[in-house]
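Chemist: Structure in structure tokens, see below.
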Amino acid sequence: QEQLKQIENAIVGLLKNEVGPIIKTKAHEKSKYVNKSNAVDLVTETDKQIEVLIKEKLGALYPDFKFIGEESYQPGVTKISDEPTFIVDPIDGTTNFIHDFPFSCCSIGLSINQEAVVGAVYNPHLGQLFHGSKGNGAFLNDTKIVIAERPLKLQQSVIGFEGGAERQGSNFEVKMSTLKNLLDAQKGFAHGFRSLGSAAMNMCYTALGTYDAYWEGGCYAWDVCAGWCILKETGGMVVGGNVNEWEIPLDRRCYFAIRGGSSEDEQKKFVQEFWNQVPA
Ligand code: IPD
């Protein structure tokens, strides 16, 4: 537990002092970008530059730990093992970064035995640094995150949702139908949806209890690893985005995060009600 706290502190220092200033300055320059898998999956030179920096700095501190980063990931080759592994998204919310919308952040998680045990997410535009580690609680800057007890009901919820980079095919259709069902006055009737454009920020806003839940299919472990640890430390849970997926691995790519501040029974009931709105 103490060692995890030390690692958390090292990551926090790196984000605050080195990574944050780069994101903040470069976003205002309205960065040039190139397309990755398609015309809405974007990357900039700054994403790559920051990933190299983090790999070098964490590698010097923890030479035995493995490293997985969004920009050096090789599909089919890169796999999360049981060994301590830093799982990093150098800029999450790259589209926000390119458009200078103030919700781009850096997300650094550590997994051990495929469980997220340390996490830090820094949005330098708003000065929000979320961090936590297993058994040590979660913090927004220096303040411990404590979620007040309050009812968790689908009908009165605000849910984080993202269009993602996949904009056609059956997954996209399911996403859109679910969104419609949840808003429909005769079905889910949620209070509303929000889209921050960053999976990591969505996870952290669920950890804060600002969101009641966050649902996404299509993102990767580096988008959610850090936020997952932070959320768990505030009493939240992460399950699969599809029906009856109560236990999921870090790289499931379809996640449903639920806030704390309610009993496990209430959280599970909320999940069931949500799943009822997801077309088979
Ligand atoms: C993306 C963001 C976005 C989510 C996508 C991610 P990136 O990450 O988190 O909110 O919808 O699935 O790929 O590309 O900005 O690092």
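Please treat every number below as a calculation from the coordinates, not as lab data. Every value quoted in this text rests on a predicted model; they were computed, and no experiment measured them. Please note: Cβ atoms are built from the backbone with ideal geometry, for glycine as well, and neighbour counts cover all protein chains shown.
Chemist: Find the centroid of the Cα atoms in the stretch 35-58 and in the stretch 145-219, then give the distance between the two in whole Å.
Modeler: Each part reduced to its Cα centre gives a spacing of 26 Å.
Chemist: Number of Lys-Lys pairs in the stretch 29-187 under 24 Å by Cα, sequence gap 8 or more or different chains?
Modeler: So the count of such lysine pairs works out to 24.
Chemist: Sticking with this one: Any chance you could give the angle, 0 to 90 degrees and rounded to 10, that helix 221-233 forms with the longest Cα principal axis of the chain?
Modeler: Once rounded, the angle reads 70 degrees.
Chemist: Can you pull out the trypsin sites (Lys or Arg not before Pro) in the stretch 40-127 whose DSSP state is coil and whose Cβ has at most 16 other Cβ atoms within 10 Å?
Modeler: 79
Chemist: Another question, if that's okay. So how tilted is helix 199-208 from the main axis of the chain? Cα-based, degrees 0 to 90, rounded to 10.
Modeler: 70 degrees
Chemist: Sticking with this structure for a sec: Mind checking the dipole of the stretch 54-208: about its Cα centre, +1 per Lys or Arg Cβ, -1 per Asp or Glu Cβ, Debye to the nearest 20?
Modeler: In debye, rounded to 20, the stretch 54-208 gives about 480.
Chemist: Let me ask you something else. Taking the convex hull of the Cα atoms, report for the chain its projected area averaged over all directions, in nm².
Modeler: Mean shadow area of the hull around the Cα atoms is 13.8 nm².
Chemist: What number, rounded to the nearest 500 deg cm²/dmol, is the helix-based mean residue ellipticity at 222 nm of the chain, given -39500 (n - 2.57) per DSSP H run of at least four residues and division by all its residues?
Modeler: Here the helix-only value at 222 nm equals -10500 deg cm²/dmol.
Chemist: Which residues' amide hydrogens lie under 5 Å from the amide hydrogen of residue 254, considering only partners 5 or more residues apart or on another chain, with H built in the peptide plane?
Modeler: So residue 254 has HN proximity to 218, 241.
Chemist: Just name one of 186, 249, 204: the one whose Cα is farthest towards the positive end of the charge dipole of the stretch 154-275 (beta-carbon charges, Lys/Arg +1, Asp/Glu -1).
Modeler: The listed residue farthest towards the positive side: 186.
Chemist: I've got another one for you. What ³J(HN,Hα) values, in whole Hz, does the Karplus curve 6.51 cos²θ - 1.76 cosθ + 1.60 give for the stretch 261-272 when θ = phi - 60°, with x put for Gly and Pro?
Modeler: Result, rounded to whole Hz: x, 8, 6, 4, 4, 5, 4, 5, 5, 4, 4, 4.
Chemist: Now for a different question. To the nearest 10 degrees, how steeply does helix 2-14 sit against the main Cα axis of the chain, on a 0 to 90 scale?
Modeler: With rounding to tens, the tilt is 80 degrees.
Chemist: Cβ under 12 Å from residue 164's Cβ, residue 164 left aside: what net charge do those residues give with Lys, Arg +1 and Asp, Glu -1?
Modeler: Net local charge, residue 164 excluded: -2.
Chemist: Evaluate Rg over Rh across the stretch 2-144, taking Cα atoms for both radii and Kirkwood's formula for Rh.
Modeler: My calculation puts Rg/Rh at 0.96.
Chemist: Based on DSSP loop calls and a cut-off of at most 13 other Cβ atoms within 10 Å, the longest stretch of the chain free of exposed GluC sites (Glu not before Pro) is what?
Modeler: In the chain, the maximal stretch lacking such sites is 30-148.
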